[in-house]
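Report on the structure given below.
The values are calculated or read from the model by the stated rules, or taken from the named source; none is laboratory data. Please read these numbers as outputs of a predicted model, since none were measured by experiment. Methodologically, a virtual Cβ is constructed for each residue, glycine included, from the backbone with ideal geometry; neighbour enumeration extends over all protein chains shown. The protein model used for the area step is the full one, side chains on, heavy atoms only, and it has no ligands, DNA or RNA in it. Shrake-Rupley method; radii C 1.70, N 1.55, O 1.52, S 1.80 Å.
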Amino acid sequence: MSFPHYIYPATQQAAEQCGNYILQILREKLARERKATLAISGGTTPRPMFEYMAKARFDWSGVHIFWVDERAVPPDSPQSNYRLAAETLIRPANIPDENVHRIEAELPPEEAAAKYRDELARFFGLAAGAKPEFDVIHRGIGPDGHTASLFPGEPLIDDRENLVAAVWVEKMKQWRITMLPGVLLAARETAMLVCGADKGEPVKIIFEGSLDPMKYPAQALAREGRSSVWFFDADAGKLIAA
Ligand code: 6PG
């Protein structure tokens, strides 16, 4: 299966090139319209990309930032995806508070999901059943082939109708709030940043393995959707043809 992808010798290079790709999409949108929309993921891989983006010559005042998913923890928790972005991107780049649409994951999970769903509907002016079309969504994948907080065995990997859900992640013993496939697939552009030796095998399965999205959730989203570009370091891309 062919898909636009780039493999870089070093993780830092992959992170910076993915950051450049995202910034270019946002610049092109802001050249036409006042606002641009970006949804970001968390974990560990994005840190160098966020730090790079924060240092770039870029006017963030028109960019509205949302999250693909969040752990059910307070915003000051070391596990918080919001905290990662606040420390590495939002504060260093002085992104205005009104442009930051945090998942209020300190609330009970279902309530946090409902509030986030309402915020998406409000901001994008969604009619019932409509999906927000982000200008760009950034995602990663886990070693088990998860993406967002859609982990193997999660029935919501088949949900193309709803926007957001609270999901219990048994392996993490943790509630999470996550965008659902209908929103992720509606993005105009998707930037996938995948680094590390533990991603080599899942990447090969996602693109070359037999289709089994319940086992490899990232597979479903990789083979559908509008436009995705993948940025790998050498370790993550080692099992696929460059
Ligand atoms: C999260 C992320 C998640 C992440 C993958 C990869 O909340 O953890 O949103 O989907 O993209 O788990 O994480 P790493 O980059 O840490 O491997």
On the basis of being away from the ligand (no atom under 11 Å from the Cβ), out of contact with any Asp or Glu (no Cβ under 7 Å at 6 or more places or on another chain) and over 23 Å from A85 (Cβ atoms), does L163 make the cut? no
Count of region 109-145 residues which are in a loop (DSSP other than H, G, I, E, B), open to solvent by less than 70 Å² (accessible area, probe 1.4 Å) and within 16 Å of the ligand (Cβ to nearest atom): 6
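Only one residue in E98, E106 is open to solvent by 60 Å² or more (accessible area, probe 1.4 Å), among the acidic types (D, E), closer than 21 Å to V136 by Cβ and without any contact (Cβ under 8 Å) to a residue 40 or more places away in the chain. Which one?
On the way: E106 fails: closer than 21 Å to V136 by Cβ.
Among E98, E106, only E98 is open to solvent by 60 Å² or more (accessible area, probe 1.4 Å), among the acidic types (D, E), closer than 21 Å to V136 by Cβ and without any contact (Cβ under 8 Å) to a residue 40 or more places away in the chain.
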So which strands (runs of 3 or more DSSP E) are wholly in region 171-235 and hold at least 3 residues that are open to solvent by less than 50 Å² (accessible area, probe 1.4 Å) and more than 30 Å from E111 (Cβ to Cβ)? 190-194, 228-233
Only residues in region 182-198 that are farther than 19 Å from L23 by Cα and more than 14 Å from the ligand (Cβ to nearest atom) count as the first member; pair them with residues that are modelled with pLDDT under 95 and part of a helix (DSSP H, G or I), Cβ under 8 angstrom, at least 6 apart or cross-chain, and list the lot. L185/L221
Does region 94-113 hold any residues that are under 19 Å from the mean Cα position of the chain (by Cα) and of a type in the set (A, V, I, L, M, F, W, C), and which are they? I95, V100, I103, A105, A112, A113
Return a yes/no flag: does region 16-30 have any residue that is aromatic (F, W, Y), assigned to a helix (DSSP H, G or I) and in contact with a Leu (Cβ under 8 Å, 6 or more places away or on another chain). no
Condition broken by I7, with the remaining ones in (1) open to solvent by 60 Å² or more (accessible area, probe 1.4 Å); (2) touching a residue at least 60 places away in the same chain (Cβ under 8 Å); (3) more than 18 Å from the chain's Cα centre (by Cα) satisfied: (1)
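Just give me the residues in region 68-86 being over 17 Å from C18 (Cα atoms), touching a strand residue (DSSP E or B) at 6+ places or on another chain (Cβ under 7 Å) and either of a type outside the set (G, A, S) or surrounded by fewer than 22 Cβ atoms within 10 Å (Cβ to Cβ) (or both), in sequence order.
Our first condition is that a residue be over 17 Å from C18 (Cα atoms); within region 68-86, this holds for 69-84, 86.
Narrowing further to those that are touching a strand residue (DSSP E or B) at 6+ places or on another chain (Cβ under 7 Å): 69-72, 79-82.
Scanning region 68-86 gives D69, E70, R71, Q79, N81, Y82.
Give the residues of region 21-45 that are more than 15 Å from the ligand (Cβ to nearest atom), in contact with a Phe, Trp or Tyr (Cβ under 8 Å, 6 or more places away or on another chain) and either open to solvent by less than 90 Å² (accessible area, probe 1.4 Å) or under 24 Å from S149 (Cα atoms) (or both), sorted by residue number. Even if it seems obvious, please write down each step before you answer.
Start the filter on region 21-45 by keeping residues that are more than 15 Å from the ligand (Cβ to nearest atom), which leaves 21, 23-37.
Now narrow it down to the ones that are in contact with a Phe, Trp or Tyr (Cβ under 8 Å, 6 or more places away or on another chain): 21, 23, 26-27, 37.
Answer for region 21-45, where residues must be more than 15 Å from the ligand (Cβ to nearest atom), in contact with a Phe, Trp or Tyr (Cβ under 8 Å, 6 or more places away or on another chain) and either open to solvent by less than 90 Å² (accessible area, probe 1.4 Å) or under 24 Å from S149 (Cα atoms) (or both): Y21, L23, L26, T37.
Can you pull out the residues in region 138-162 that are more than 17 Å from G237 (Cβ to Cβ) and in contact with a strand residue (DSSP E or B) (Cβ under 9 Å, 6 or more places away or on another chain)? Break it down stepwise before answering.
At the first step, the residues of region 138-162 found to be more than 17 Å from G237 (Cβ to Cβ) are 138, 144, 146, 148-162.
Scanning region 138-162 gives H138, H146, A148, S149, L150, F151, E154, L156, I157, D159.
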With the condition kept exactly as written, say whether any residue in region 126-137 is within 30 Å of K55 (Cβ to Cβ), within 17 Å of the chain's Cα centre (by Cα) and among the charged types (D, E, K, R). yes
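State whether one or more residues within region 45-60 are part of a loop (DSSP other than H, G, I, E, B) and touching a strand residue (DSSP E or B) at 6+ places or on another chain (Cβ under 8 Å).
Step one: list which residues in region 45-60 are part of a loop (DSSP other than H, G, I, E, B), which gives 45, 56-59.
Now narrow it down to the ones that are touching a strand residue (DSSP E or B) at 6+ places or on another chain (Cβ under 8 Å): 45.
Yes, the conditions are met somewhere in region 45-60.
Filter region 36-78 down to the residues that are in contact (Cβ under 8 Å) with a residue 12 or more places away in the chain and more than 19 Å from the chain's Cα centre (by Cα) and list them by number. Quick ask: steps written out before the conclusion?
Pass one, region 36-78, residues in contact (Cβ under 8 Å) with a residue 12 or more places away in the chain: 36-43, 45-56, 58-75.
Correct list: K55, A56, F58, D59, S61, G62, P74.
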